[in-house]
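The values are calculated or read from the model by the stated rules, or taken from the named source; none is laboratory data. What you see is a predicted model, and the numbers here were worked out from it, not measured in a lab. No Cβ is skipped: glycine too gets one built from the backbone with ideal geometry, and neighbour counts run over all protein chains shown.
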Amino acid sequence: MTNTTKLCSSKPIVTVNGQFPGPTIVAREDDTVLIKVVNHVKYNVSIHWHGVRQLRTGWADGPAYITQCPIQPRQNYLYNFTLTGQRGTLWWHAHILWLRATVHGAIVILPKLGVPYPFPKPYKEKTIVLGEWWKSDVEQLINEATKMEQLLTPLMHIPSMVTPAPSLIVLPKLYGGYGLPVRPGKTYMLRIINAALNEELFFKIAGHKLTVVEVDAVYTKPYKTDTVLIAPGQTTNVLLTANANTGSKYMVAATTFMDAPISFDNVTATATLHYIGHTVSSSKKTVLASLPQPNATLVSSKFIKSLRSLNSREYPAKVPTTVDHSLFFTVGLGANPCPSCNNGIRLVAGINNVTFTMPETALLQAHYFNISHVFTDDFPAKPSNPYNYTAPVDQSVNAATMTGTKLYRLPYNATVQIILQNTAMILSENHPFHLHGFNFFEVGRGLGNFNPEKDPKRFNLVDPVERNTVGVPAGGWTAIRFIADNPGVWFMHCHLEIHTTWGLKMAFVVDNGHGPDQSLLPPPADLPKC
Ligand code: C2O
């Protein structure tokens, strides 16, 4: 625990090496990384290396009770993995309860020595971690989120879910303070990470265009924009050309995007881009940024539609053109009848009407050692009851979910397509979906209900964006494809922590292949026990 002060309030928080945000891991493509995590706090912990593929090393992936039992107080665990074929910005965070609110940091993977970026080399690189500062204890928040199940009355109490509201802060990790110093005429690369628990964000620098060159550690076609949209879990690298004069100051701002009919809160975090040089006059006024409204759906959809894989000779987009497993997953919030609560209703979240129950033994262990009764592999490929999923908000029993620790089984190397259909039950909201163990291509997206006849004809199988976390639009759908070339158990969930808590999660179990290098490696000797 480290006593930390932000925004005029101090409190002890869980940190890594006393830092908030935590230390940045700098490595190169294909490096093997060893990180010993020693638990000095009274909570169970585990760390996830978000976006690291973990080829055959699922034991190092980190989600508690999915790939490992948590590291208990006074215990330790050595995470050992290789950054095979990956370069770019990723991040790490605690993956148990809501500890990631304060336990997170950047992963910077440089290209292999001597290999250039596919864009002009920036003068300098800066990492920006967007995070939250919660005024109350995070543990208390988890309790409140869980209690919400009991407290829900239809719709009008939903805004109270996020009380006490967080105040967002921008932390230019490597440079300290809230300023971003730049030199006139130079080009910088900003590595932006959204580490917030529940806030999707617009990011902007007044008076400047940003050129997106990479998302989720995959190069993109350069895309020039004045606003970047970034969901919790996502990372975005942009180039910024400092084309103003010494002494000028511009506002750097991040503000919430709520793809929903109601807005929880509208907090803005700011920092200053200031031009340094020989004759610094600090008398100039800061140029303010005009920020999109929290419901600026057009700004967000324009940004998302403009992202494309680089798809060059060196970095081809290997989009699966055939589909072995075609899945249709509904994602959304629902309400289960709850005779024991006041309102007779319990707020839940589910995929295909299944609310995921956390197991007491790690699923990967259960899979590897054939321990029965931990999970079943009968996760439905389609929703378990018919429903008009984008119909107006309705709280009929149609919205009821079943509970269970259900996994979907995939043979090694199967090609998979998932349509993630957002539902309008209770509240239609954008859900940033994250898949562990793989990158996927977002081959299509649209509003309303997915049309299996028409929509696939418009899929982009040439240069769709490749990433590990994708926003499922409110009242719409997204189609993703990936190859199941990584044996193990892989979590998929909404990266809004409150929705994960409510059960918006599932997992895939991918069997070993028959060839060499196609099976999960054996567990390390120090793997924590439950
Ligand atoms: Cu960044 Cu399972 O999470």
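To keep it simple, each residue is scored yes or no on (1) more than 16 Å from the ligand (Cβ to nearest atom); (2) surrounded by fewer than 16 Cβ atoms within 10 Å (Cβ to Cβ).
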{"residue": "THR5", "(1), (2)": "yes, yes"}
{"residue": "VAL14", "(1), (2)": "yes, no"}
{"residue": "ILE25", "(1), (2)": "no, no"}
{"residue": "ASP30", "(1), (2)": "yes, yes"}
{"residue": "LEU34", "(1), (2)": "yes, yes"}
{"residue": "ILE47", "(1), (2)": "no, no"}
{"residue": "HIS50", "(1), (2)": "no, no"}
{"residue": "GLN54", "(1), (2)": "no, no"}
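Summed over the range 382-427, residues that are closer than 21 Å to GLY444 by Cα, surrounded by fewer than 20 Cβ atoms within 10 Å (Cβ to Cβ), at pLDDT 95 or above and not polar (S, T, N, Q) total 1.
So that you can scan it fast, the table gives a plain yes or no per residue for (1) among the polar types (S, T, N, Q); (2) under 20 Å from GLY233 (Cα atoms):
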| site | (1), (2) |
| --- | --- |
| ASN17 | yes, no |
| ILE25 | no, yes |
| GLU29 | no, no |
| LYS42 | no, no |
| GLY58 | no, yes |
| THR67 | yes, yes |
| PRO70 | no, no |
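Consider the range 477-508 and keep the residues that are assigned to a strand (DSSP E or B) and aliphatic (A, V, I, L, M). The one that is nearest to the ligand (Cβ to nearest atom) is MET492.
Listed by first and then second residue, the pairs with beta-carbon distance under 6 Å, at least 6 apart or on different chains, first residue in the range 84-101 and of a type in the set (Gly, Ala, Ser), second part of a helix (DSSP H, G or I) and near the ligand (Cβ under 9 Å from one of its atoms), are ALA94/ARG100. In the condition set (1) away from the ligand (no atom under 16 Å from the Cβ); (2) of a type outside the set (Ser, Thr, Tyr); (3) buried (at least 22 other Cβ atoms within 10 Å of the Cβ), LEU461 is compliant with all but (3). Evaluating LEU197 against the criteria (1) within 16 Å of the ligand (Cβ to nearest atom); (2) at pLDDT below 70 leaves one unmet condition, (2).
If you filter the range 58-114 down to residues that are assigned to a loop (DSSP other than H, G, I, E, B), farther than 26 Å from THR2 by Cα and in contact with a Pro (Cβ under 9 Å, 6 or more places away or on another chain), you find that the one that is nearest to the ligand (Cβ to nearest atom) is ILE66.
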